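The values are calculated or read from the model by the stated rules, or taken from the named source; none is laboratory data. All of these numbers come straight from a predicted model, not from anything done at the bench. Positions of Cβ are generated from backbone atoms using ideal geometry, with glycine treated the same way; all protein chains shown enter the neighbour counts. With ligands, DNA and RNA removed, areas are computed over all heavy atoms of the protein, side chains included. Shrake-Rupley method; radii C 1.70, N 1.55, O 1.52, S 1.80 Å.
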Amino acid sequence: MIPFVSQLPRIEQALWLEALNQVLANETIVLADDIPQEQRHLCKLAIVANPEISTLKQFKNLHWLHSVWAGVEKLMESLPTSPINVVRLVDPMLSQTMAEAVLAWSLYLHRDMPTYAKQQRKKQWQQQAYVPASERRIGILGLGELGCASAEQLSNVGFQVLGWSRTAKTLAGVSTYSGIYGLANMVSQSDILVCLLPLTPATKDLVNKEFLYKMPKGSSLINFARGAIIHSHDLLQALDDKQLSHAVLDVFEQEPLSSNSELWQHPNITVLPHISAPTNMATACQIVAKNIIEYRATGQLPECVDKVRGY
Ligand code: NAP
């Protein structure tokens, strides 16, 4: 028996159960609450979607869990010393969805849509200078599954693409940087900066005042990763100083974003409700099934999140 542990609404949990049981015909996947207390110690594996940690802890003999989300920051934060191995979703469909979002919102900034929307409200007929894509530099923080797919998409459209990662990388059509000096170098050349880093102790508040004032004056920021990577107060100050011209934010420290947040009202911020790359249930279930079937056949765990690195 494999528990499905999630805080999603019951109706969505039922859809996941149906889809998972369809692709894993030799397993029985059930809602965590439906497994009797006296049987929970028998479960070695769980499938999770934003699980309640207290529920997860009731399954005392879990060896590993498979998340159906790509981001597992909350799990890693809540299980720092736990021996449970965490497998996150790595799905090419999700990477393409994110790459599409990065392209869409990069074009939104590149073609001055926030400015034209403001001008329309004032009935102002004013043409902004056109900048060809080949002269626009877009920097990507994080060259993992999502960052690489996004870099390729932007490069295909003709943008100058730069990318930063922890370890050095070579990517066709992308100027790559790594380490702290590499970061300063890339940031100072990015007209649009896209954040696709995991949230770890090393990336929390990475995008702070010092960082934002290294960016070219009037540049823009897109955050599709995790809210806490950006220091909100410093971001607001950089926007008010016209150091930054616009920020597109899809992720926040507290979600849903509180109605009291200043971010909602700011004229130079676009707030999105965490929609840049939703999991596709059909492809995610295929990937989870493949990993579990292989594990049953070989005893080998799929690639797990590195607890020391935090991602
Ligand atoms: P990933 O494959 O693990 O890639 C992470 C990238 O970040 C790697 O290139 C890694 O460098 C780099 N990195 C990590 N820590 C770093 C540091 N301290 N300094 C420099 N580079 C660092 O992750 P992913 O699948 O691309 O996902 C990234 C994040 O996107 C997730 O963690 C999640 O928070 C977010 N996400 C958001 C949504 C949404 O809808 N908004 C959806 C899915 C995921 P190396 O290559 O050197 O290891």
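Being under 23 Å from MET76 (Cβ atoms) and open to solvent by less than 40 Å² (accessible area, probe 1.4 Å) is the filter here, so list the residues in segment 21-56 that pass it. Step through it out loud before you land on a result.
As a first pass, look at segment 21-56 and keep what is under 23 Å from MET76 (Cβ atoms): 32, 40, 43-56.
Selection gives ALA32, ARG40, CYS43, LEU45, ALA46, ILE47, VAL48, ALA49, PRO51, ILE53, THR55, LEU56.
Screening GLU135 against (1) near the ligand (Cβ under 10 Å from one of its atoms); (2) modelled with pLDDT of 95 or more leaves a single unmet condition, (1). Only a single item in (1) within 30 Å of TYR116 (Cβ to Cβ); (2) more than 13 Å from the ligand (Cβ to nearest atom) is not met by ALA149, and it is number (2).
Please specify each residue of segment 78-95 satisfying the condition of being open to solvent by 30 Å² or more (accessible area, probe 1.4 Å) and within 12 Å of the ligand (Cβ to nearest atom).
Those that are open to solvent by 30 Å² or more (accessible area, probe 1.4 Å) and within 12 Å of the ligand (Cβ to nearest atom): ARG88, VAL90, PRO92, MET93.
Look at segment 276-305: where a residue is more than 30 Å from GLY227 (Cα to Cα) and a partner is within 16 Å of the ligand (Cβ to nearest atom) and open to solvent by 30 Å² or more (accessible area, probe 1.4 Å), sitting 6+ places away or on another chain with Cβ atoms under 6 Å, you get LEU301/ASN85. If only residues of segment 289-311 that are open to solvent by 100 Å² or more (accessible area, probe 1.4 Å) and farther than 15 Å from ALA25 by Cβ are counted, the one that is farthest from the ligand (Cβ to nearest atom) is GLN300.
Every listed requirement among (1) of a type in the set (Val, Ile, Thr); (2) farther than 18 Å from ALA277 by Cβ; (3) at pLDDT 95 or above is met by ILE180 save one, (3).
Within segment 212-226, the residues that satisfy the criterion of being more than 21 Å from ALA149 (Cβ to Cβ) and open to solvent by 10 Å² or more (accessible area, probe 1.4 Å) are TYR213, LYS214, PRO216, LYS217, GLY218.
Once segment 154-167 is narrowed to residues that are open to solvent by 60 Å² or more (accessible area, probe 1.4 Å) and within 21 Å of the chain's Cα centre (by Cα), the residue that is farthest from GLN243 (Cα to Cα) is THR167.
Output the number of residues of segment 114-153 satisfying the condition of being open to solvent by less than 70 Å² (accessible area, probe 1.4 Å), assigned to a helix (DSSP H, G or I) and either under 28 Å from VAL90 (Cα atoms) or touching a helix residue (DSSP H, G or I) at 6+ places or on another chain (Cβ under 8 Å) (or both). Count: 9.
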